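Written below as structure tokens is the structure these notes are about.
The values are calculated or read from the model by the stated rules, or taken from the named source; none is laboratory data. Not measured: the values here are computed from a predicted model. Every residue, glycine as well, gets a Cβ built from its backbone with ideal geometry; the counts of neighbours run over all protein chains shown. Each accessible area value is taken on the protein alone, full model and side chains, heavy atoms only, with ligands, DNA and RNA left out. Shrake-Rupley method; radii C 1.70, N 1.55, O 1.52, S 1.80 Å.
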Amino acid sequence: MINYATVGTGLITESFIQAANFSGFFHLVGVYSRTEDKAKQFADKNNAPHYYTHLADMANSKEIEAVYIASPNSVHFEQALTFLKNKKHVICEKPIFSNTAELEIAYRTAEENGVFLFEAIRNIHTPNYQILKEKLHMAGELRSTILTYMKYSSRYDLFLQGEEPNIFSATYSGGALVDLGVYPLYLAVGLFGEPQRVTYHPVLLRSGVDGSGTLVLQYDSFICTILCSKISDSMIPCEIHGEKGTFVLDDAAPISNIKFIDRHSKESQILSVEQEEQDMVYECINIAKIIESKNVQEYEELKSWSKLVLRITEEVRKENNILFASEK
């Protein structure tokens, strides 16, 4: 059992706590919030015995072995370093950091202190992702792919009213690509590897970040097109097109349904299995097993994907003059 604490009191943190409890590998011992009232309320709600209003106090706790971070994107790096330097494993919600320079420093710090650093990205840990990866050969030579994650954000209404929520702010390292686009991008990287060339075509907002956009990944024999948006919804599925057939996925995250349609026979086959409704449980289980078994091989694979995803998003952001506060 891994004793852990959380930073952040939003819905995503509550989801992680539920998944961590369900996994059977984690025990919540503390929560953090800048205000005492919110910290105490969140601790009481989630049966955490301790709450903190100072990160240093949490980092110095001998009881805490790992920390889950789900704060605004721009502060992930500073907070993660605080815990890594105090020999805590860190599970940082996507996007892990603002740029690759931060990522390299954080990974080096984790290694120096004998702990692990993970990016929390749920879709690549699920059974259905593994099935898709194992069955990908059924499509034959790949020729094109469309992966989507488009979800209208309730915070966009506030943006339209003149406010600037964190997720639509360059100050807080926001935008559609880093917030939602990373889900299909992780699928592409995990399934197809590193692309030869990447381009991004964003819809820019007045705050300087992208409300939506189209990311194009060029591979040897096919193009992968990723559509992401926080200012509109999409009803189209994800598709992977090959010379022998087509995979149809209901979504990039979670992947609840996978159908393969054979090009010759026109017959369709359901390949997916039923997953837990709280699908974050799978990343909790995998992360816990890596920590407890010190599985360096699997950890290095996850590291390589995090590095590649962040490098791609950083590269195309800067090409489109989407600069976060720390980069100006």
Q: Place the peptides 306-319, 259-272 in order of packing, highest mean first, counting for every residue the other Cβ atoms within 10 Å and averaging per peptide.
A: 306-319, 259-272
Q) Which lysines does Lys38 reach when only Cα atoms under 27 Å apart count, and residues fewer than 8 places away in its own chain are ignored? A) Lys62, Lys85, Lys87, Lys88, Lys94
**Q.** Residues of the stretch 1-158: accessible area per residue with a 1.4 Å probe, Å²
**A.** 44 Å²
Q) Based on the alpha-carbon gyration tensor of the stretch 90-231 and its eigenvalue square roots a ≥ b ≥ c, which shape applies: rounded if a/c is under 1.5, prolate if not and a/b is larger than b/c, or oblate? A) oblate
Q. Averaged per residue, what accessible area in Å² does the stretch 179-273 show with a 1.4 Å probe, protein chains only?
A. 42 Å²
Q | Protection proxy ranking of 211-219, 161-169 - average other beta-carbon atoms within 10 Å, highest first | A | 211-219, 161-169
Q: Could you tell me, in Å, what Rg and Dmax come out for the Cα atoms of the chain?
A: 19.8, 63
Q) Between Val67 and residues 5 or more places away or on another chain, which pairs have amide H atoms under 5 Å apart, with H built 1.01 Å from N, and which residues are they? A) Ala5, His89, Val90, Ile91
Q. Can you count the Lys pairs in the stretch 241-323 with C-alpha separation below 21 Å, eight or more apart or on different chains?
A. 6
Q: Could you pull the accessible area for Leu55 with a 1.4 Å probe, rounded to 10 Å²?
A: 30 Å²
Q. Taking all protein chains as present, what is the carbon and sulfur share of the accessible area of the stretch 179-246, in % to the nearest whole number, probe 1.4 Å?
A. 50 percent
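Taking only DSSP H segments of four or more residues, each worth -39500 (n - 2.57), what value at 222 nm results for the chain once the sum is divided by all its residues, to the nearest 500 deg cm²/dmol?
Computed ellipticity for the chain at 222 nm equals -10500 deg cm²/dmol.
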Q: Compute the Cα gyration tensor for the stretch 203-300, then decide on rounded, prolate or oblate, letting a ≥ b ≥ c be the square roots of its eigenvalues: rounded whenever a/c is under 1.5, prolate when a/b is larger than b/c in the other cases, and oblate in all that remain.
A: oblate
Q | Span from the the stretch 140-196 Cα centroid across to the the stretch 281-317 one, whole angstrom | A | 18 Å
Q: Set Lys and Arg Cβ to +1 and Asp and Glu Cβ to -1, take the dipole of the chain about its Cα centre, and tell me which of Gln297, Ala19, Thr246 lies farthest positive.
A: Gln297
